[in-house]
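Undergrad: Below: one structure in structure tokens.
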Amino acid sequence: MNWFLLFRPVKKSRGDIKVISRPGSLFLILFSLLIILPLDSVFGKDSPPFEFGLREGIATPDEGPFFKDELIGTFVLPWSSRSSSAFQLSPKLDATAGVLRRSDQKGFIGSVGPGLALGWKKAPIFLVAGARAALLGETEYEDKDFGGRLQFIEDIGLNIRLNRNLEAGYRLQHMSNAFIYDTNPGLNMHIFEFSYSF
């Protein structure tokens, strides 16, 4: 079940069952924001342009024993929107590559797409969100059939800046195929992240 309640649901029928989904809504919103954000400031001295990190994920209890290990590269796009001297909205472009695991079965997972960071200059904690198109190397894990290789990932969470270059964070993440295939079980995960800015 898609837990992004901020977006208008779309009803789809699968036999006698009506399913509520919000296919790609966050992806489209974030991509649009990257285009329309005012170009009112470029990189600041406190905003390194590239981040590299590690993410570890574990599925929510109702999903079964899924785990994810991935590397992430983030390019901080050269503009931001500020409504005051303290408030900043920064667009990013994320790319990930890693492994999705369940029991002894492993498969590649990679993704790419836009992200946003919302924070205050004097506070080390900021809100992060992302939406990416993903590719699976394996589509079936025991009794879990993701339907096909193309998936969509949406996540939201909080990051904390430990120093100028090092960050740690947590995200709640949802992956599904937006019903472009016959089956769409989805997968919800807790994601823990460490990243370093260059």
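Read the figures in this text as sums done on the coordinates, not as results from a lab. The structure displayed is predicted, hence computed values, not measured ones. Glycine also receives a Cβ, built like all others from the backbone with ideal geometry; neighbour counts cover every protein chain displayed.
Undergrad: Between LEU162 and ASP182, what's the calculated FRET efficiency when r is the beta-carbon distance and R0 is 45 Å? Round to 0.05.
TA: The pair LEU162/ASP182 has a calculated efficiency of 0.50.
Undergrad: Turning to a different aspect of this structure: Mind pulling up the Rg/Rh value for the range 90-152? Radius of gyration and Kirkwood radius, both on Cα.
TA: Here Rg/Rh amounts to 1.14.
Undergrad: Given R₀ = 30 Å, FRET efficiency for ALA86-ASP62 by Cβ-Cβ distance, to 0.05?
TA: Plugging the Cβ-Cβ distance into 1/(1 + (r/R0)^6) gives 0.15.
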